[in-house]
1. Express in nm, to one decimal, how much length is gained between Ala188 and Asp78 on full extension, taking 0.36 nm for each residue of separation and deducting their alpha carbon distance.
2. Beta carbons within 10 angstrom, averaged per residue: use that to sort the peptides 4-15, 183-194, highest first.
3. Compute the length gained on full extension between Glu34 and Ala86: take 0.36 nm times their separation in residues and subtract their Cα-Cα distance, giving the result in nm to one decimal.
4. Residue by residue through region 20-27, what is 3J(HN,Hα) from phi via Karplus (6.51 cos²θ - 1.76 cosθ + 1.60, θ = phi - 60°)? Round to whole Hz and write x for glycine and proline.
5. Can you spot the lysines whose alpha carbon is less than 27 Å from Lys175's alpha carbon? Ignore those fewer than 8 places along the same chain.
6. Name the residues whose placed amide hydrogens come within less than 5 Å of the amide hydrogen of Thr157, ignoring near sequence neighbours (fewer than 5 apart) on the same chain.
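Bear in mind these aren't lab numbers, they're just calculated from the coordinates by the rules spelled out. Every value quoted in this text rests on a predicted model; they were computed, and no experiment measured them. Positions of Cβ are backbone-derived with ideal geometry, glycine not excepted, and every protein chain shown enters the neighbour counts.
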Amino acid sequence: MAFDLKRVLKVMLFASNGPLSVKDIQTAVSRFHEQATVLPLTGESETPAAPEQGAITPAEPEEPVLPAAVEDDEFYRDVPSLITTAQIRECMDAISLELQAADSEILLIEGHSGWRLVTHPRFARWVRLLRNEPPPVKLSPSSLETMAVIAYRQPVTRAEIEQIRGVSAEAGLTKLLERDLVYIVGRADLPGRPIQYGTTDAFLEFVGIKSLDELPASDVLSPRQIDAWLQTSSNPRAAGDADMGLDETEEQQMSLEPTAAPETPAS
């Protein structure tokens, strides 16, 4: 039987302590070939030289029990020297489809740092009972709005968040920091050096995406439009006729002052 990448990946997924990345898989394959080159050749042995008379013969250490030669095991035959990302992704997709078709209690998902096996959401309560964990607490609409602003605007300061939302962001930020969904990126190059916030890897898992590039497009929260909005809100101007819906092309506009009566021509 030739090397079966899909079966090997299933074992790696089961044995992995965390997400399994392409690099992890390729590193394991490289280690296999490195170890295969240092294994002793089958059938070859050296005859040790006889000790000299009077010499103290040291106690022979116990020889380690070596596993069977990898060439004799069907799972280690014809292992390619390089497994491409496309091959790994194709096998992972096949494993995921198999689990879904079988209506399995286990699912295979891909995150920002690799693939991992997870329990189906419909069995989440049994997992919580096993671990004696409380039900998850949902985020409030306020926290969700704050998280959305940070995700699209990051790095962003608390003052910018409050200007965009129009309300205090302290409670929402505190909750997001406690849930490890946002973190302190650094300080802005502004007076007072305010703290800047950004999203964490846990945020990517929370929303089910692999990178921030997969966030839905948003014209409302695009950085350029937010910059223009913040600048306008910081330096308000007086409302003109165009802002009030009046036509600026007309020569005469409505006025609260009474107009003079037209003069009567002399007879």
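1. Residue separation times 0.36 nm, minus the Cα-Cα distance, leaves 34.1 nm.
2. In descending order of packing, they fall as 4-15, 183-194.
3. Between Glu34 and Ala86, full extension yields 16.4 nm more.
4. 9, 9, 4, 5, 4, 5, 5, 5
5. Here the lysines satisfying the reach criterion relative to Lys175 are Lys138, Lys210.
6. Tyr197
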